[in-house]
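> Got a structure here, written out as structure tokens. Questions coming.
A short reminder: the numbers here are calculations on the coordinates, not readings from a lab. Predicted model only: the values in this text are computed from it and were never measured. Counting neighbours? That spans all protein chains shown, and the Cβs are built from the backbone with ideal geometry, glycine included.
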Amino acid sequence: MSISAPVRDKSTWLSYAQATAFGWFVYGFGAALPFLRSDLGLSRTTASLHSLTMAAGSILAGIISGAIIAKLGRGMTLRLASVLFASGLALFVASNQLIFTLLGVSLCAFAGSTIVQGTGAYLSHHHGTKAPSTIAELHAMAAGVGLFAPVLIGVGVTVGFGWRPALFVAAIGVVVVEVVRGRDVYQYGPPMSVVEDSDHHDAHGPLPRRFWFAWAAILCTAATEFSLLLWASDLLRVQGGLTKGASAASLGCVVGGMFVGRLATARMSSRIDAEKLYRSSLLLALIGFLVFWSSYTAPLMLIALVVTGFGVGGHFPLGLARSMRASDGRPDRGSARMSIGAGLASGAAPFALGAMADHIGIHNAYAIVPISLVIALAIATKVRVPVS
């Protein structure tokens, strides 16, 4: 199957930039949290409440964003999400009280999830059969640019500026996006009350059965991604013999692999059937992880982690695109349900893995990852969502 490359017009680039601003926050948040914990004198348990509130914000966005989009239109919703994201981030970086940092993070997660949903649904509508490539490019750009967030945070702390200015760059980014976007937001989707029969709005009726299989696969891949990001350093330390600092720094292997994987996915989506590419990315991640999981030599574990990250890099963009296809003309509702599922998995899976590790060890607890990947691969193989 050959699909021509997408046309990257102004609205596409703005979608990329808006999602990238949220990506900057996501990748910078982990690097900023230890400094916030030190500033506020928090325990690790208390500081971890920020991760829970992020998951809650994502889930809430999935629950109510569909109704907001129908009322205000996708374009106005994206604009308001930018405003809310910038406000939440300003609250987070400016506050020295836990209640306000928690509130700021939840607002960022709610707005950011709405941005991911809205831009994904818009690109799916705008590019049609080329959507898998554009959605993959969107997430590749978010990951690639987001990699510089922790670097800039580290530089800021080293030179005496602190961590806060570097993280606030994301708020400046969404403001610039809205200035460049201008007043015309209706091209991204008008309110239903203005244009009742606009093809920017969801079709009536329930989401089809095939969508829920695609949704279940996203749960599995989200569980895999966040389990790796939060706990892979522990396995590297226990099984690979790395120091705590080296094992933490080595997480760059999986993040770097994800970035390259998303770039490759964006390129290959224009030439290879998206379903074949999705199944291949699941299989590659499974093979890479099995090598990582079963190895006791740090260099081999790191190489395997890069391979795993490369496979994982294609999971979310390809999974999002296929869920849009599986929604059968209901992309906004489908992306909202996707946000709920991803939020649940990203919070529950790492928590479950950590809790099990206290009782059966980190190696045995990590069985959750290959189980998740096998389930996702079985779903993707059994229930196809072809590109029409």
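> Kirkwood hydrodynamic radius, computed over distinct alpha-carbon pairs, for segment 202-382: how many Å, to one decimal?
16.5
> Further question on the same structure: Treating the beta-carbon of each Lys and Arg as +1 and of each Asp and Glu as -1, no other charges, what is the dipole magnitude of segment 265-372 about its Cα centre, to the nearest 20 debye?
About 400 debye.
> Between residue 158 and residue 378, what FRET efficiency follows from the Cβ-Cβ distance if R0 is 51 Å, with the result rounded to 0.05?
0.60
> Suppose every K and R has +1 on its Cβ and every D and E has -1 on its Cβ; what is the size of the dipole of the chain about the Cα centre, in Debye to the nearest 20? Before the final figure, lay out each step's value.
Numbers: 27 positive and 16 negative charges, 76 e Å.
The dipole magnitude comes to about 360 debye.
> Let me ask something additional. State the percent of C-alpha pairs, over all pairs in the chain, separated by a distance greater than 38 angstrom.
14
> Here's a follow-up. Projected onto the charge dipole of segment 1-201 (+1 at Lys/Arg Cβ, -1 at Asp/Glu Cβ, origin at the Cα centre), which of 80, 144, 124 gives the Cα projection farthest towards the positive end?
Going by the charge dipole, the pick is 144.
> Among 264, 121, 47, determine the one that fluctuates most according to a GNM of the chain built with springs between C-alpha atoms less than 10 Å apart.
47
> Given the options 368, 99, 303, which has the most mean-square fluctuation in a GNM of the chain, springs set between C-alpha atoms less than 10 angstrom apart?
With Cα springs under 10 Å in the chain, the top fluctuation among 368, 99, 303 is at 99.
> Here is a further query. Can you compute the FRET efficiency between residue 80 and residue 49 using 1/(1 + (r/R0)^6), with r the Cβ-Cβ distance and R0 = 30 Å? Round to the nearest 0.05.
Efficiency, rounded to the nearest 0.05: 0.70.
> Less than 10 Å Cβ to Cβ from residue 136, Lys/Arg counted +1 and Asp/Glu -1: what total charge do the surrounding residues give?
+1
> Could you tell me which of 12, 105, 306 has its Cα farthest along the dipole of the chain towards the positive end, charges placed at Cβ (Lys, Arg +1; Asp, Glu -1), taken about the Cα centre?
Checking the options against the dipole of the chain, the answer is 306.
> Among all helices in the chain defined by DSSP H, which have a length of 15 Å or more along the axis from Cα atoms plus a Kyte-Doolittle mean of at least 1.6?
Helix filter hits for the chain: 148-159, 164-181, 298-313, 368-382.
> How would 29, 35 line up from fewest to most surrounding beta-carbon atoms within 10 angstrom?
Least to most surrounded, the residues fall as 35, 29.
> List 363, 315 from most exposed to least, where exposure is judged by having the fewest other Cβ atoms within 10 Å. Before the final figure, lay out each step's value.
On the way: 363 15, 315 27.
Ranking 363, 315 by Cβ neighbours within 10 Å, fewest first, gives 363, 315.
> Let me check the size of segment 84-194 from its C-alpha atoms; what are the radius of gyration and Dmax in Å?
Gyration radius and largest Cα-Cα distance of segment 84-194: 16.5, 53 Å.
> Tell me, what is a quarter of the convex hull surface for the C-alpha atoms of segment 1-201, in nm² with one decimal?
That works out to 12.3 nm².
> With only alpha-carbon atoms in the gyration tensor, what are the semi-axes of the equivalent ellipsoid for segment 85-149, in Å, largest first?
The answer is 30, 14, 6 Å, longest axis first.
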